[in-house]
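The values are calculated or read from the model by the stated rules, or taken from the named source; none is laboratory data. Computed from a predicted model, the values in this text were never measured in an experiment. FYI the Cβ positions are ideal-geometry reconstructions off the backbone, even for glycines, and counts take in every protein chain you see.
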Amino acid sequence: MKIIADLHTHTNVSNHAFNTLTEMAGRAGELGLYALAVTDHAPSMPDSPHPWYFYNLKRLPEKVEGVWLLKGAETNVRGVDGTLDFTPEELARLRFDWVIASIHSITVGADRLTEDEATRLWLNVAENPYVDCIGHSESGAYRYDYDAVAKVFAEKGKVVEMNANSANVRPGNEQNMRELALACKRHGTLLAVNSDAHSIYQLGVFDTVLPMLEEIHFPLEQIVNSSREALLHVLQAHKKPIAARMAEQEPV
Ligand SMILES: [Zn+2]
Ligand SMILES: [Zn+2]
């Protein structure tokens with residue numbers, strides 16, 4: 001199982017991360033990655049960059065250090081109603097290539113949700129047309145009905161993340177992650193395998209996740225960053241203009 005794009009990474013504009021965007025792209029190039037998504041923390045996180053940073057991402061080239069740069073954000077779910085910390089109007093203006101929606105206890109305002117609340121939260125997020133990917137959702141503190149929600153994520157084309165950093169920052173949720181992956185397998189829900197790197201040393205490191213996906217025989221074609229074809233396909237399906245340029249420059 002090979003991962004050709006890391007779709008969840010932080011640069012030092014989120015100031016608990018350590019490397020510049022150029023350093024991260026340089027490392028991605030060394031690793032032979034095809035694409036890198038930079039997804040810094042959206043404004044409700046204490047270490048988020050000023051909103052201007054996100055508007056200015058458009059000024060950067062599409063390729064940095066030979067790697068396609070997907071300009072994105074890790075947005076924060078603010079509550080059970082699925083509201084994010086960028087409004088739909090802002091997301092329309094920002095035109096991100098990749099939007100992750102994640103629960104962080106500090107921004108969702110609860111250390112724990114009931115299964116019913118967490119299920120409603122993700123079903124509400126699934127309705128948001130700007131969300132591409134569901135970040136590190138396996139935490140037991142926000143356990144949801146994996147089957148019911150994975151089915152809706154599949155219908156809505158949402159990509160569920162298997163986050164390699166979860167083993168470090170949310171230990172003890174390995175069984176939940178496996179159950180979530182199995183639900184995604186059953187429902188044909190797309191997955192992404194991401195490092196959530198906060199430095200060049202974590203970038204492209206997926207070894208806390210890949211053996212589990214191999215063990216459960218997760219279908220490669222359901223992993224959006226397992227091949228250029230799969231990545232282009234999801235970017236096209238999500239109507240990202242960058243997909244056309246990627247396909248034109250390097251037809252698959
Ligand atoms: Zn996160
Ligand atoms: Zn993150």
Handout entry: Candidates T22, T9 - the one that is under 15 Å from V205 (Cα atoms) and hydroxyl-bearing (S, T, Y)
Key = T9
Handout entry: Condition met for A181 (more than 16 Å from ligand 2 (Cβ to nearest atom), under 20 Å from L70 (Cβ atoms), part of a helix (DSSP H, G or I) and touching a helix residue (DSSP H, G or I) at 6+ places or on another chain (Cβ under 8 Å))
Key = no
Problem - Unique match (being part of a helix (DSSP H, G or I) and at pLDDT below 95) among A167, A154 - result: A167
Exercise for the section: Test A42 against the criterion of being closer than 15 Å to W98 by Cβ, away from ligand 1 (no atom under 16 Å from the Cβ) and of a type in the set (G, A, S), and give yes or no. Expected result: no
Handout entry: Count of residues meeting criterion [among the charged types (D, E, K, R), under 18 Å from the mean Cα position of the chain (by Cα) and away from ligand 1 (no atom under 16 Å from the Cβ)] in the range 186-225
Key = 2
Exercise for the section: Among the residues of the range 230-252, count how many are assigned to a loop (DSSP other than H, G, I, E, B) and within 16 Å of A192 (Cβ to Cβ). Expected result: 2
Handout entry: the range 59-86, subset at pLDDT 95 or above and among the charged types (D, E, K, R), residue surrounded by the most Cβ atoms within 10 Å (Cβ to Cβ)
Key = E74
Practice task
Assess whether E117 counts as being of a type outside the set (S, T, N, Q) and outside any helix (DSSP H, G or I).
Solution key: no
